[in-house]
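For reference, the structure discussed in these notes is given below.
The values are calculated or read from the model by the stated rules, or taken from the named source; none is laboratory data. Computed from a predicted model, the values in this text were never measured in an experiment. All Cβ positions, glycine included, derive from the backbone under ideal geometry; neighbour counts span all protein chains shown. Remember, those area values only see protein heavy atoms, side chains included, never the ligands or the DNA or RNA. Shrake-Rupley method; radii C 1.70, N 1.55, O 1.52, S 1.80 Å.
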Amino acid sequence: MFSTPFVLTFSLLLSLPILFLLAPRILPPRLSSVPISPSDDASATPTTRLPSSFSHLAASKPKLKIAFLFLTNSDLQFAPLWEKFFRPPSAKSLYNIYVHADPTVNVTSPGGVFEGKFIEHAKRTYRASPTLISATRRLLATAILDDPANAFFAVISQHCIPLHSFKFVYHSLRDPDASTQYGIRLQYKSFIEVISDEPRLWKRYVARGRYAMMPEVPFEDFRVGSQFFVLTRRHALMVIKDRRLWKKFRMPCYREDECYPEEHYFPTLLSMQDPKGCTQYTLTKVNWTGTVNGHPYTYKKSEISPELIQGLRESKYSSSYLFARKFAPDCLAPLLKIADKVIFRD
């Protein structure tokens with residue numbers, strides 16, 4: 001017969017592995033100032049389910065495609081303009097569309113090229129919070145799993161418009177002059193803004209606490225940039241595989257007015273892992289003149305003109321900006337009037 005103390009000790013030892021396995025399910029997750037679902041980590045893994053309309057996995061030797069990732073918490077007001085952008089028959093086999101719509105908002109599908117393109121398991125998003133990182137990672141994971149031909153991943157806002165035709169955008173991203181040198185094929189680069197000298201960078205860095213980001217993200221590696229970018233497939237995979245930096249950027253902030261994780265996570269991660277693979281600039285034009293509560297300038301209906309489009313295209317980094325934001329919904333009608341003769345006439 002075994003003594004009672006021995007039985008109790010033996011039972012306790014047996015129960016430890018069980019408690020270890022069940023603890024994540026029993027104990028509550030650490031709360032953020034903005035709710036982050038525990039499933040957000042899993043959303044960026046190869047278990048993401050695809051809508052039934054996505055069925056590109058069997059494609060053989062496909063042409064390189066652009067995955068347009070629309071991130072929205074309202075109706076896609078500029079869908080008719082994007083419809084024109086995607087309209088050319090030659091473009092049909094060169095792109096895919098994915099929409100992450102905040103499920104707490106009644107976002108109506110505009111139909112057309114957007115029909116059936118709303119991804120499953122979308123979650124609520126909040127401005128200036130890790131939820132926007134989660135939503136972007138979810139879009140990237142869906143697009144990577146959906147079609148092996150997706151080579152470029154463009155994150156688009158519902159307030160964003162194209163500044164050129166699809167043909168111009170496609171050839172700009174895979175410019176043969178930029179991808180070869182002395183007859184040798186080079187890797188494509190991601191068009192993502194990476195800034196290291198922003199005046200308020202330190203305040204943003206310590207928004208979670210002075211040493212909260214250490215040791216994974218020392219201040220000298222902390223970066224800022226636009227949350228709207230174009231990533232290569234190589235970098236998109238880096239993002240969805242990352243856990244090390246993500247666990248830091250999903251932490252709650254003590255100073256929410258200085259905390260914009262969606263503007264820091266992506267440029268910091270890619271700058272740390274592959275700085276030479278990034279252009280350091282974005283292809284989406286934003287006007288920060290007259291900023292209100294951290295929002296960029298919003299163009300009004302009365303401002304829409306061919307001259308405005310030409311001005312928005314001008315870039316000191318590349319041959320031209322390809323997209324622009326932010327536009328008020330009533331800009332749609334005047335934009336459609338000049339779409340064929342100005343915007344899409346390249």
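Assorted remarks:
- In the stretch 252-269, the qualifying residues are those that are at pLDDT below 95 and not in a helix (DSSP H, G or I), and the one that is nearest to the chain's Cα centre (by Cα) is TYR260.
- For the stretch 270-281, taking the residues that are farther than 12 Å from HIS235 by Cα and of a type in the set (Ser, Thr, Tyr), the one that is nearest to the chain's Cα centre (by Cα) is identified as TYR281.
- Scan the stretch 125-170 for residues that are of a type outside the set (Val, Ile, Thr) and either at pLDDT below 95 or within 14 Å of the chain's Cα centre (by Cα) (or both) and the total you get is 20.
- Where a residue in the stretch 116-139 is closer than 22 Å to TYR254 by Cβ and its partner, wherever it lies, is open to solvent by 30 Å² or more (accessible area, probe 1.4 Å) and in a helix (DSSP H, G or I), with Cβ under 8 Å and at least six apart: ALA128/GLU256
- Qualifying residue in the stretch 80-93 (condition: of a type in the set (Asp, Glu) and over 16 Å from the mean Cα position of the chain (by Cα)): yes
- Boolean, THR284 is closer than 23 Å to SER196 by Cα and under 17 Å from the mean Cα position of the chain (by Cα): yes
- For the stretch 292-320, taking the residues that are open to solvent by 20 Å² or more (accessible area, probe 1.4 Å) and touching a His at 6+ places or on another chain (Cβ under 9 Å), the one that is modelled with the highest pLDDT is identified as ARG313.
- Residue match in the stretch 95-115 (condition: among the acidic types (Asp, Glu), at pLDDT below 95 and open to solvent by 30 Å² or more (accessible area, probe 1.4 Å)): no
- Per-region count, the stretch 282-303, residues in a loop (DSSP other than H, G, I, E, B) and either within 17 Å of PHE219 (Cα to Cα) or touching a residue at least 12 places away in the same chain (Cβ under 8 Å) (or both): 8
- Summed over the stretch 237-251, the residues that are in contact with a Pro (Cβ under 9 Å, 6 or more places away or on another chain), assigned to a helix (DSSP H, G or I) and closer than 20 Å to ARG210 by Cβ give a count of 1.
- Which listed residue, of GLU216, GLU198, is within 15 Å of PRO261 (Cβ to Cβ) and touching a strand residue (DSSP E or B) at 6+ places or on another chain (Cβ under 7 Å): GLU198
- Candidate set: the stretch 121-180, residues that are among the small types (Gly, Ala, Ser) and part of a helix (DSSP H, G or I); chosen: the one most open to solvent (accessible area, probe 1.4 Å): ALA178
- Going through (1) more than 24 Å from CYS160 (Cα to Cα); (2) open to solvent by 10 Å² or more (accessible area, probe 1.4 Å); (3) within 15 Å of the chain's Cα centre (by Cα); (4) not β-branched (Val, Ile, Thr) one by one, TRP246 falls short only on (2).
- When MET214 is tested against (1) assigned to a loop (DSSP other than H, G, I, E, B); (2) of a type in the set (A, V, I, L, M); (3) surrounded by 16 or more Cβ atoms within 10 Å (Cβ to Cβ), exactly one condition is not met: (3).
- For THR279, the conditions (1) in contact with a Cys (Cβ under 6 Å, 6 or more places away or on another chain); (2) of a type outside the set (D, E, K, R); (3) in a strand (DSSP E or B) are fulfilled apart from (1).
- Output for the stretch 304-332, where each listed residue is in contact (Cβ under 8 Å) with a residue 24 or more places away in the chain, in contact with a strand residue (DSSP E or B) (Cβ under 9 Å, 6 or more places away or on another chain) and among the charged types (D, E, K, R): ARG313, ARG325, LYS326
- Verdict on ALA91 being open to solvent by less than 10 Å² (accessible area, probe 1.4 Å), farther than 20 Å from ILE119 by Cβ and out of contact with any Gly (no Cβ under 7 Å at 6 or more places or on another chain): yes
- Going through (1) modelled with pLDDT of 95 or more; (2) under 22 Å from SER315 (Cβ atoms) one by one, ARG174 falls short only on (1).
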